[in-house]
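First up is the structure itself, then whatever we jot down about it.
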Amino acid sequence: MSKGSSCAGALCAEDEVLAELRPKLEATLRDLVQIPSENLPPAGNESECQHYVASSLRQLGLQPDLYPIADVASLTSHSEFWPGRNYSERPNVDAVLRGSGGGRSLVLSGHIDTVPADTPMEWRHPPFAAEIQTGRLYGRGAWDMKAGVAMNLTVLRALARLGRRLKGDLIFETVVDEEFGGANGTLAARLRGYTAEAAVIGEPTFLHVCPAQRGGRVLHILLQGRGGILSNGRPAGRAADQLGYIITKLPEFAARRSRRVPLDPYYVRCDDPFAVWVTNVATGRWGWTQPITVPERCRVELYWQAMPNETREEVETEFFTWWNEIVNAAPDLFPAKPQIELPMRWLPGCSIPADSPFVTEFVSAAGSVGIEAPVEGLDAPSDMYIFQRCFHTPALMWGPSGGHAHQADEFVDLESLFQATQVLLRFVSNWCGIEESGI
């Protein structure tokens, strides 16, 4: 039981059952991490992990719907569908714990895909070994977000062990293809009919309640210029010089955004509210399989974040206006016009009010187990906008503490995961309601 929490009757029973289930919670997370489910656009390998989840649901007496998302009617015609992905052997999983009636329904959502384990830095803890050291479980997806999936499964197990009948329907799901701006899996689940009055997404949030997320835009830029090592005089317009010039101009773009865009209240404490980052640079393969020479081309990945209410049109118009200005200001540096590609969807931000009943009730549930949960915006995009914007469903993100998401040695703090599970069980029981005979 968390420090400062009270324990009486049904609440004590929750704490006792979760304490008994804690080894199963950690074992489930280890199993999930040890099964790779990397998103490798345009494909992915989530199938084995999804079958594990479906088997776990069957053991609880549920009937999981394991379905190819490409078979979902109207998916490809929906305005938010992003084409070009291969969904062979990449099923979604949904299951419904039917309520007795008279309560509020809820979705517990999580994405089963992870970013690739391949990173520029070496792993000290193998990415699929699920090693536990000093209270941390390491591995690809341990924090983002297989911990959230294990949390959601444990809530179902706790309800079953408590013999608790909910009044409202509780929908459990694990979706594919959230990373790399996917969101088609989350969209498919809604279009298949798995909707509710609210949704909790088990993203990593440091035990913060997150009813808002940032928007995000990714660009791929191809710079081309003169190369080689022998020339008459110093050649102008080298790709590497173009890169240096662009990098020095990025703070100007961030400053322009900070002047134009109002700061959303959810991000007033954010260290970098108008982040603009270079996330990848490539001029060729590293090492001496290629000659030592000045590169003729350079590929750059640029990523910047947006406030929850910004539109795609605003964000892109602002960028291209600035981009054309800086390129046109240096004609000798750009003998060939840089090529720009939009490799993934625009990820909109979204938010619901911090004083909405859904949010305040979740904060109260956290307080009832002794956890002071700040209400903040997640400092990244996610698939939550599908719930909030496309289906007008109140949604928030809730999950444990950890570190190194999308990096080597990703980890989740196991004590934090247990606390997150305590809070979620309390909230599910309060939100959906409990049959009196089940208390």
In region 390-439, the residues that are open to solvent by 30 Å² or more (accessible area, probe 1.4 Å) and among the aromatic types (Phe, Trp, Tyr): Phe391
Selected residue (criterion: most open to solvent (accessible area, probe 1.4 Å)) from residues of region 274-303 that are within 18 Å of Pro348 (Cα to Cα) and in contact with a Leu (Cβ under 6 Å, 6 or more places away or on another chain): Val276
Contacts under 8 angstrom Cβ, first residue in region 260-273 being over 18 Å from Phe319 (Cβ atoms) and modelled with pLDDT under 95, partner open to solvent by less than 100 Å² (accessible area, probe 1.4 Å) and assigned to a loop (DSSP other than H, G, I, E, B), 6 or more apart: Cys270/Asp379
Members of region 128-151 found to be touching a residue at least 40 places away in the same chain (Cβ under 8 Å) and either assigned to a loop (DSSP other than H, G, I, E, B) or surrounded by fewer than 19 Cβ atoms within 10 Å (Cβ to Cβ) (or both), listed by number: Phe128, Ala129, Ala130, Ile132, Gly135, Gly139, Arg140, Gly141
Residue list for region 61-85, filter: over 22 Å from the mean Cα position of the chain (by Cα), open to solvent by 50 Å² or more (accessible area, probe 1.4 Å) and farther than 22 Å from Tyr385 by Cα: Gly61, Gln63, Asp71
Extreme residue, surrounded by the most Cβ atoms within 10 Å (Cβ to Cβ), among residues of region 252-273 that are out of contact with any strand residue (DSSP E or B) (no Cβ under 9 Å at 6 or more places or on another chain) and outside any helix (DSSP H, G or I): Leu263
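Kindly evaluate Asp169 against the criterion of being on the phi < 0 side of the Ramachandran plot, out of contact with any Pro (no Cβ under 8 Å at 6 or more places or on another chain) and at pLDDT 95 or above. Before you say what the answer is, go through the steps one by one.
Values: on the phi < 0 side of the Ramachandran plot: yes; out of contact with any Pro (no Cβ under 8 Å at 6 or more places or on another chain): yes; at pLDDT 95 or above: yes.
When the stated conditions are applied, Asp169 passes them.
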Counted residues, region 331-389 - those being open to solvent by 10 Å² or more (accessible area, probe 1.4 Å), under 22 Å from Gln305 (Cβ atoms) and assigned to a strand (DSSP E or B): 8
Single condition Ser55 does not satisfy, out of (1) in contact with a Pro (Cβ under 7 Å, 6 or more places away or on another chain); (2) surrounded by fewer than 17 Cβ atoms within 10 Å (Cβ to Cβ): (1)
Residue check for Gln422: more than 30 Å from Leu162 (Cβ to Cβ), modelled with pLDDT of 95 or more and of a type in the set (S, T, N, Q): no
Condition check for Arg98: touching a residue at least 12 places away in the same chain (Cβ under 8 Å), surrounded by 20 or more Cβ atoms within 10 Å (Cβ to Cβ) and basic (Lys, Arg): no
Boolean, Ala158 is buried (at least 20 other Cβ atoms within 10 Å of the Cβ), within 19 Å of the chain's Cα centre (by Cα) and hydrophobic (A, V, I, L, M, F, W, C): no
Within region 393-439, tally of residues that are in contact (Cβ under 8 Å) with a residue 40 or more places away in the chain, over 15 Å from Glu26 (Cα atoms) and not in a loop (DSSP other than H, G, I, E, B): 17
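The values are calculated or read from the model by the stated rules, or taken from the named source; none is laboratory data. None of these values were measured; they are calculated from a predicted model. Backbone-built Cβ (ideal geometry, glycine too); neighbour counts: all protein chains shown. When the accessible area is computed, the model is the full protein with side chains, heavy atoms only, and any ligands, DNA or RNA have been set aside. Shrake-Rupley method; radii C 1.70, N 1.55, O 1.52, S 1.80 Å.
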